[in-house]
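**Q** Let me give you the structure first, and then I'll get to my questions.
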Amino acid sequence: MKVVTAAEMRQIDQDTIEGIGIPGIVLMETAGSAIVRALEQHYPTCKRIGILAGKGNNGGDGIVIARQLAHIGYDVYLFLVSPPESFTGEAAVNLQIAKNLKLRIEEILTDATLETKESVSLNHITRCELLVDAIFGTGLRGEVREPIAPLINTINNLPIPILSVDLPSGLDADTGNPLGTCVRADRTVTIGLPKRGLLVHPGAEFSGKLEVVDIGFPEQVIDAQNIKVHWTRAAAASEWVPSRPSASHKGSYGRVLVIAGATGMTGAAALASKAALRAGAGLVTLATPKHLNPILEGLLPEVMTLPLPETDAGSLAVSGISTILEFAEKTKSVLAIGPGLSQNPETVTLVHQLVRENQEQGLGLRMVIDADGLNALAQATELIPRLGKDAVLTPHPGEMARLTNTSVSTLELDRISTAQQFASEHGVTLVFKGAPTVTGTPNGNVWINSTGNPGMATGGMGDVLTGVIAGLMAQGVSSERAGALGVYVHGLAGDSVSERLGTHGLIASDVLEAVPEAIASLMD
């Protein structure tokens, strides 16, 4: 599903009205009808409803909602937060219709008797069982100011559910940051396409449960915008899952070589290796320091091992590089590099040499790089463009800050742009882990993930994700799709487990074991 900025949504709206000829008032009526249906579905017991309407198109949607609710028997209060004379266009037309129908309309925050009127209005607001927020839409410029800011703060503190129309009023549609103050909605019904700010934090928290309603924007109008940002949902993910023909064998599903492990960090190597198998790879080999080989062979009966020379600290020695490259080239393996690798200087050099020799020898090995593999790259960022378009990097915010020499707080201001710019600039697929995880691709596309939960904020989850992505790539899924699909499947597995166990005490092994179930659900 495509995800828009405020500017892209305004252009789609304008092109639909002016280019296609669908009148704006028709779109407004359709939007109001869709939101009324959502309201009836999700709040069936709420019969006394207050609508807070601003002077723009968002307020016009709210007035349509008020009229339609009143028509089907709801007890409706329409609260105008702007003077009636300030309403224009379709919003003004709908306000006049509401007046003609003698709807219960109350003007608030509009004149010198503000304190008296607000107290009266507040009394009416508190009598409502549900509030519909239609104050501002995507056109808000700058911070919310008085007298609307105090009103928003007041309704946020009331024990009444709030449904926001299109966007919680006061939310930046592009970044998800509150513009001063912002409505905290229990549910947001967004129109046409989801806006970026609804899918990233803190916007997702202000939005509550999100629902997208189609009001008939033509596909040709949407396509003309060349929208690069997408929301990964089940429909897309299911199309990317590789098939399993009946006449296949283990060689049909590719090989993964996991380069991982050091003293004290065998778990990361084991999780990544097993996850590659759980994601469907045919054969997985774990390249690890030789002293860990007996331990990992016992832990992973289905995984082959490649014991390698080690440093005095128990990490991989650079002398093992020829063995790694020879094995990977011979077996055409996808390389998963980094889980539990350590930051030993010699091991860091090994990572650097792998990248250099892969390019210089023209081997074309596909790599998924995580954890200490990323920390090694952070010490030689000039190597990143040499990884090639088939590489996938999977940093969490701390690792991303080291890769870009930027603060975590700066990166988190706009996760979407962060992933998009890095991937485009360096020609790699970037899986920027977090809430939500955002996958940027070399061609500028971005996929915002829709699965996962707070229970997954525990050690080892990233190692599982690395293995899942590598396992999908081994089966022939492109790096770009493997990044987005791997994140979706990983989160879906976590959601499945959390439904059974809750979000406290969830561990990476739980999610690992649920990966096949998650993939199977996409193939139903």
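Read the figures in this text as sums done on the coordinates, not as results from a lab. Keep in mind that this is a model prediction, so the values were computed, not measured. Cβ placement follows ideal geometry from the backbone for every residue including glycine, while neighbour counts extend to all protein chains displayed.
**Q** How much length is gained if the chain between Gln220 and Leu413 is pulled fully straight, taking 0.36 nm per residue apart and subtracting their Cα-Cα distance, in nm to one decimal?
**A** 66.3 nm
**Q** Between the range 1-65 and the range 354-408, what is the separation of their alpha carbon centroids in Å?
**A** 44 Å
**Q** Helix 24-42 sits at what angle to the longest principal axis of the chain, using alpha carbons and giving 0 to 90 degrees rounded to 10?
**A** Between helix and principal axis, roughly 70 degrees.
**Q** Can you tell me the relative contact order of the chain? Whole percent, Cα pairs under 8 Å, sequence separation 6 or more.
**A** 12 percent
**Q** Which ³J(HN,Hα) values in Hz, rounded to whole numbers, follow from the phi angles of the range 278-288 under the Karplus curve 6.51 cos²θ - 1.76 cosθ + 1.60, where θ = phi - 60° and Gly and Pro get x?
**A** 4, 7, x, 4, x, 9, 10, 10, 10, 8, 8
**Q** Just how large is the dipole of the chain about the Cα centre, in debye to the nearest 20, putting +1 at every Lys and Arg Cβ and -1 at every Asp and Glu Cβ?
**A** So the dipole magnitude of the chain works out to roughly 580 debye.
**Q** Rank the residues Leu299, Leu316 as a footprinting-exposure proxy: fewest other Cβ atoms within 10 Å of their Cβ go first.
**A** Result, fewest neighbours first: Leu299, Leu316.
**Q** Below 12 angstrom from the Cβ of Leu171, what's the summed charge of the other residues (Lys, Arg +1; Asp, Glu -1)?
**A** Neighbour charge sum, excluding Leu171 itself: -3.
**Q** Could you give the distance between the Cα centres of the range 497-515 and the range 418-473, to the whole Å?
**A** After rounding, the separation between the Cα centres reads 20 Å.
**Q** So, counting K/R as plus one and D/E as minus one, what does the shell of residues with Cβ under 11 Å around Ser342 add up to?
**A** Neighbour charge sum, excluding Ser342 itself: -3.
**Q** Using amide H atoms built 1.01 Å from N in the peptide plane, name the residues 5+ places from Leu316, or on other chains, whose amide H lies under 5 Å from its own.
**A** Thr311
**Q** Could you line up Ser273, Ser252 from fewest to most neighbouring Cβ atoms inside 10 Å?
**A** Lowest count first: Ser252, Ser273.
**Q** In addition: According to the square roots a ≥ b ≥ c of the eigenvalues of the Cα gyration tensor, what is the shape class of the range 237-523, taking rounded for a/c under 1.5, prolate for a/b larger than b/c otherwise, and oblate for the remainder?
**A** Here the range 237-523 falls in the rounded category.
**Q** Still on this structure, I have one more. Just check the range 385-497 against the gyration tensor rule for me: Cα atoms, a ≥ b ≥ c as the square roots of the eigenvalues, rounded for a/c under 1.5, and otherwise prolate or oblate depending on whether a/b exceeds b/c.
**A** It is oblate, given that a/c is not under 1.5 and a/b is not larger than b/c.
**Q** While we're on this one: Using the 10 angstrom Cβ neighbour count as an exposure proxy, how do Phe327, Phe422, Phe136 rank, fewest first?
**A** Least crowded to most crowded, the residues run Phe327, Phe422, Phe136.
**Q** Still on this structure, I have one more. Over the range 237-523, calculate the relative contact order: mean separation of alpha carbon pairs under 8 Å at least 6 apart, over the residue count, as a percent.
**A** Dividing the mean separation by the residue count of the range 237-523 yields 21 percent.
**Q** Once you have the Cα-Cα distance between Ala313 and Thr381, take 0.36 nm times their residue separation minus that, and quote the gain in nm to one decimal.
**A** 22.0 nm
**Q** Can you say what percent of the DSSP beta bridges in the chain, counting only those with both residues inside, are antiparallel? Round to 5.
**A** That works out to approximately 15 percent antiparallel.
**Q** To the nearest 20 Debye, how big is the dipole of the range 6-225 about its Cα centre, given +1 on the beta carbon of each Lys and Arg and -1 on that of each Asp and Glu?
**A** 620 debye
**Q** If you average the sequence gap of Cα pairs under 8 Å that are 6 or more apart and divide by the length of the range 351-446, what percent do you get for the contact order?
**A** 24 percent
**Q** What aspartates and glutamates sit close enough to Lys228 to cross-link, taking a C-alpha to C-alpha distance under 16 Å and skipping anything fewer than 8 places away on the same chain?
**A** Glu8, Asp174, Glu219, Asp414, Glu425, Glu480
**Q** From the helices alone, meaning DSSP H stretches of at least four residues, give me the mean residue ellipticity at 222 nm for the chain, per-run term -39500 (n - 2.57), in deg cm²/dmol to the nearest 500.
**A** -13500 deg cm²/dmol
**Q** For Thr288, enumerate residues with amide H under 5 Å from its amide H, sequence gap 5+ or separate chain, H modeled in the peptide plane.
**A** Long-range HN contacts for Thr288: Leu306, Leu308.
**Q** Can you return the lysines within cross-link range of Lys332? Criterion is Cα-Cα under 25 Å, with same-chain partners fewer than 8 residues away left out.
**A** Straight-line reach from Lys332, under 25 Å: Lys250, Lys274, Lys290, Lys389.
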